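The block underneath contains the structure these notes are about, expressed in structure tokens.
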Amino acid sequence: MTSIASVFLDAADPAAAACFYSDAFGLESLVGVRASETPPAGFRGFTLSLTVSQPSGVNRLVDAALAAGATTVKPATKSLWGYGGVVRAPDGALWKIATSAKKDKGPATSEIDQVVLLLGVDDVIASKKFYVGQGFTVGKSFGRKYVDFATPSSPVKLGLYGRKALAGDAGVAPEGDGPHGLTIGGDGEAFTDPDGFAWEAVRA
């Protein structure tokens, strides 16, 4: 697999969760929801991010998420890298909404530039080697801290982060029990990675 076609999230109420992703982010074509009777407890080991062009876009998407039933984890604020915040969707998934811009340069929109899936892993180097073996090409690599894969044809970008660092970036504790509550739909054969993230084949 070298591309992510969609992601599937587990939820106790899949109908409500599906409505959230449609109403808040307009991502019904990329985010599927599946019923789960054993929801994960604590940090699920991954985050999803929406990158936009300017701070007003962050605010619009955060407001839409909260209106649709999300809760605030980290309020949107300025930082050294830009502007952004984190919300928890009704199904429990963590969504970071951010921009590298610190000032608006145009009219406010809710347009999403990119969707990014970050997997929190125990050993970044070992997981990078595994994914390269699956056919992925490394775009950027920062030792044991972070890996960004080059997936130009993929609607969802993939990166690896240390689990504790990813939880810290999201503003939550790194502890968690149970399944990830995530299945990744790709363009190749099914597999499960060293950290238990499951991939399945999704073909047009």
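The values are calculated or read from the model by the stated rules, or taken from the named source; none is laboratory data. These figures come from a predicted structure and were not determined experimentally. Using ideal geometry, Cβ is built from the backbone for each residue, glycine included, and neighbour counts are taken over all protein chains shown. Heavy atoms of the whole protein, side chains included, go into the accessibility calculation; ligands, DNA and RNA do not. Shrake-Rupley method; radii C 1.70, N 1.55, O 1.52, S 1.80 Å.
What to note about this one:
- For the range 156-187, a residue qualifies if it is more than 22 Å from Ala11 (Cα to Cα) and surrounded by fewer than 15 Cβ atoms within 10 Å (Cβ to Cβ), and the qualifying residues are Lys164, Gly168.
Results for (1) touching a helix residue (DSSP H, G or I) at 6+ places or on another chain (Cβ under 9 Å); (2) closer than 26 Å to Ile4 by Cα; (3) of a type in the set (D, E, K, R), shown as yes or no for each residue.
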position: Ala41; (1), (2), (3): no, yes, no
position: Ser49; (1), (2), (3): no, yes, no
position: Lys74; (1), (2), (3): yes, no, yes
position: Gly84; (1), (2), (3): yes, yes, no
position: Ile97; (1), (2), (3): yes, yes, no
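- Qualifying residue in the range 138-150 (condition: outside any strand (DSSP E or B), under 25 Å from Leu27 (Cβ atoms) and open to solvent by less than 20 Å² (accessible area, probe 1.4 Å)): no
- Residue selection: Ser100 satisfies the criterion of being out of contact with any strand residue (DSSP E or B) (no Cβ under 7 Å at 6 or more places or on another chain), surrounded by fewer than 17 Cβ atoms within 10 Å (Cβ to Cβ) and closer than 27 Å to Tyr131 by Cβ.
- Of all positions in the range 95-109, none carries a residue that is closer than 26 Å to Phe191 by Cβ and touching a Lys or Arg at 6+ places or on another chain (Cβ under 6 Å).
- The condition (being open to solvent by less than 30 Å² (accessible area, probe 1.4 Å), under 17 Å from Val156 (Cβ atoms), hydrophobic (A, V, I, L, M, F, W, C) and not in a strand (DSSP E or B)) is satisfied by just one residue among Leu119, Leu27, Leu9, Leu48: Leu27.
- The listed residue being open to solvent by 20 Å² or more (accessible area, probe 1.4 Å), under 23 Å from Ser6 (Cα atoms) and part of a helix (DSSP H, G or I), out of Ser110, Ser53, Ser22: Ser22
- Flag if Thr77 is assigned to a strand (DSSP E or B) and more than 28 Å from Gly185 (Cα to Cα): yes
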